Amino acid sequence: GAGGADPAGPAGTSGDTTQKALSGEVSLTATQYTYTLHYDANGGSGAPAAQTGTGVGSYTFKLSAAKPTRTGYTFQGWATTAGATSAAYQPGGSVKVTANTTLYAVWKANTYTVTFDANGGTVTPSTKDVTYAGTYGTLYTPVRPGYRFDGWFTAADGGTQVLSTTVAT
């Protein structure tokens, strides 16, 4: 060196450096893990079978294209929590995992149009949209001269009575 202290080194050392050659092999071991992706139909049926994959630190699964079914609901996709209202993943898409993971089906209740048949009378309005598993809510009163309205039923003669609190199925 040029003598004196090396400004880049610790105080009191010279600027001269010594290098040592390393010999031999360096061995690095990467641990592979097996990950399992489970599907939960979350109230429906027909969830795809679990998938497994092996990776170092993570694994990316191609999601099954199969879709579960549920009466009165439309499948929206998959989420990582059972109570999710929107889907983060779609069938056929992919998900990267770093641990065993369960995907839950996300469902949206269907809406149906109910038609009120006044059975010889008149009712306005004559239709109403109801959501599956929700209540009917306000029911309209029909008019038919000379008759008393006894309520709404699922058949013109007999059937089951439908009230505003009846759950739509």
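The values are calculated or read from the model by the stated rules, or taken from the named source; none is laboratory data. No experiment lies behind these values; they were computed from the predicted model shown. Please note: Cβ atoms are built from the backbone with ideal geometry, for glycine as well, and neighbour counts cover all protein chains shown. All accessible areas refer to the heavy atoms of the entire protein, side chains included, with ligands and DNA or RNA removed. Shrake-Rupley method; radii C 1.70, N 1.55, O 1.52, S 1.80 Å.
Somewhere in segment 125-134, is a residue assigned to a loop (DSSP other than H, G, I, E, B) and open to solvent by 90 Å² or more (accessible area, probe 1.4 Å)?
No, segment 125-134 has no match at all.
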Single residue of segment 121-156 satisfying the filter (of a type in the set (Phe, Trp, Tyr) and within 21 Å of Asn110 (Cα to Cα)) that is farthest from the chain's Cα centre (by Cα): Tyr136
Here is a list: Tyr89, Tyr35, Tyr104. Which entry is touching a residue at least 40 places away in the same chain (Cβ under 8 Å), hydroxyl-bearing (Ser, Thr, Tyr) and under 27 Å from Ala133 (Cβ atoms)? Tyr104
One residue from Ser164, Ser94 being at negative phi, within 17 Å of the chain's Cα centre (by Cα) and surrounded by fewer than 13 Cβ atoms within 10 Å (Cβ to Cβ): Ser94
Output for segment 53-87, where each listed residue is surrounded by 12 or more Cβ atoms within 10 Å (Cβ to Cβ), of a type in the set (Ser, Thr, Tyr) and under 16 Å from Asn100 (Cα atoms): Ser58, Tyr59, Thr80, Thr81
